[in-house]
Every structure is written in structure tokens, then in C-alpha cells.
Amino acid sequence: MTRLRYVVHRLRAPGGCPWDQEQTHETLIPHVIEEAYEVVDAIRSGDPTLICEELGDLLLQPILHAEIAAGDGTFNLDDMATGLTEKLIRRHPHVFGEAQAETSSAVLSQWDVIKRQEKGTQKEGHLHGVGNGLPALMKAQKLQKKAARVGFDWPDAAPVFAKIREEAAELEQAIAEGEKKAVEEELGDLLFSVVNLARKLGVESEAALAMANEKFVRRFHAVEATLTEQGKKLGEASLEEMDAAWEAGKRKV
């Protein structure tokens, strides 16, 4: 870590790297997001070497931010580490204090209470600030989890299926009426209900959709390969031909 901090400092110092010197907290936002998703991909691959490498790339981001802040005189990496350490101790009184929390659910509820006390948001709504900055799909699941901690939840997955059917019917009605804003709203409600189903089934909706995306890409590549073998191109093949290639590809990938 000491050597890594020195390298990053050297990159930002006079005579260092022009790209690193130009970076700000704001310009690094897309890099933080990109590196986080690359870590997720590495974890899904199950390759320890790749996971280690991508976590290292992600680690670079807070160190860069700390170096930028140190130059501004606002905070540094030690401040970040100290703040995190103290927060972990405060929010785990069942480990570092006398509180009791025997289950993960109890731990999460206790965490929420302590966090709201720290932030001074006890008088704010229970969902105040939850998921800010997250993609909509991930935020939906986080909002639902937070609401469930205070008992606002379906007892099991069965009624969620009914809710999905209800929302699908409302979407069909909105489409029939031709109201674009209503269609958008009802489609959002349907997506939110599907995310709720994922949560009730113990599935991360973001991960499930990512796997579906990857599967679609594999199968579409198979369609392209099949059409190429037939001497055809995507833009030239009929929908029936592409559908037949898709069905054939499903059996392979």
C-alpha cells in the first residue's frame, strides 16, 4: 500500500502523467462505475487471478480520489481509513459493544437505526436518501429491501406474481388507450414488480438481467454464425430465417 500510494502521488506530481494530473473527483465518476462493473464480471467468471486484478483496478480509484483531495487540503487516505474504521465499530455494537444482534436481519435493522442517528435523519422518511446514485434497477431493489425491514412486504412470492399480472394488464390498457405517459408509468410499475419478485426469490435483479444480456449476446452470435453458414447476412435474412437460427442457437448456447 505504501508503494502504491507513492506511485499514485508520483503520477500526480509535477513531471508525472498528464492524464493523471488532469483528473478531478468529477472526471473520475465514470471510471469508478466502470471498474466496479468489471469487478462484478470478474467475480462471475470465477477466476481468482482476474478478480484480484480487477479489485486492484478498483482500489486505484479511492487512492486517486484521496490524492486529489490531499492536494486540495480537504482529506487524505488516512482520513478515509480512519473514518471507515470508526464507522464500522459504531455500527457493529453487537461485536464491539454490549448490544445483541443474533441474525443478519437484526444486524441490518440495527445498522439502519444507527445510520439514521448519525445522519440526523430520524425525522426524515424511512426511505430518505436510499439508493441515490444507483442505477434504477438496483435502486428499486434497495428501496424494497429497506421497506421490507419495517414489515412493508409481501409474505412470499405468490402475491407478487398476482401483482405482476395486474401491472401487465394495466400496461396493456394504457397501450390500447395510446397515452405515452401512461404507458411509461405502467411499464415502470411492471418493472418495479418484477424487481420485487427477484427480491422475494433471493435473486439480485441487476445480476439476473446481466446474465440475460450475456445469454442474448451468445445466442445472437449463434444466429449470425448460422446465417453466415447459409451464405446470408443479418440485414438480408427474413424474420422467419433469423427466428429459425435463433431456435437452433438456443440448443447450442
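The values are calculated or read from the model by the stated rules, or taken from the named source; none is laboratory data. Remember, it's a predicted structure, so these values are computed and weren't measured experimentally. Positions of Cβ are generated from backbone atoms using ideal geometry, with glycine treated the same way; all protein chains shown enter the neighbour counts. Areas reflect the complete protein model, heavy atoms only, side chains present, ligands, DNA and RNA absent. Shrake-Rupley method; radii C 1.70, N 1.55, O 1.52, S 1.80 Å.
Data table
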quantity	calculated
Criterion (at positive phi and open to solvent by 60 Å² or more (accessible area, probe 1.4 Å)) met by exactly one of G46, G15	G15
Filtered residue count, the range 18-31, keeping only those that are out of contact with any Leu (no Cβ under 7 Å at 6 or more places or on another chain) and either open to solvent by less than 50 Å² (accessible area, probe 1.4 Å) or outside any helix (DSSP H, G or I) (or both)	4
Single unsatisfied condition, K233 versus (1) touching a helix residue (DSSP H, G or I) at 6+ places or on another chain (Cβ under 7 Å); (2) at pLDDT below 90; (3) surrounded by 14 or more Cβ atoms within 10 Å (Cβ to Cβ)	(3)
Residue among R165, R149 that alone is in contact (Cβ under 8 Å) with a residue 40 or more places away in the chain and of a type in the set (D, E, K, R)	R149
Selection status of E53, free of Cβ contacts under 8 Å to residues at least 60 places away in the same chain, surrounded by 11 or more Cβ atoms within 10 Å (Cβ to Cβ) and in a helix (DSSP H, G or I)	yes
In the range 192-223, the residues that are over 25 Å from V160 (Cβ atoms) and buried (at least 16 other Cβ atoms within 10 Å of the Cβ)	R219, F220, A222, V223
Pick from the range 154-173, criterion touching a helix residue (DSSP H, G or I) at 6+ places or on another chain (Cβ under 9 Å) and assigned to a loop (DSSP other than H, G, I, E, B), ranking: nearest to A198 (Cα to Cα)	A157
Single match in G151, G120 (criterion: closer than 27 Å to A208 by Cα, open to solvent by less than 80 Å² (accessible area, probe 1.4 Å) and out of contact with any helix residue (DSSP H, G or I) (no Cβ under 9 Å at 6 or more places or on another chain))	G151
Test: residue in the range 201-217 that is among the aromatic types (F, W, Y) and at pLDDT 95 or above	no
Of all residues making up the range 154-191, the number that are open to solvent by less than 80 Å² (accessible area, probe 1.4 Å), closer than 21 Å to L108 by Cβ and either of a type in the set (F, W, Y) or over 23 Å from the mean Cα position of the chain (by Cα) (or both)	1
Test: residue in the range 70-86 that is open to solvent by less than 50 Å² (accessible area, probe 1.4 Å), within 27 Å of K115 (Cα to Cα) and touching a residue at least 24 places away in the same chain (Cβ under 8 Å)	yes
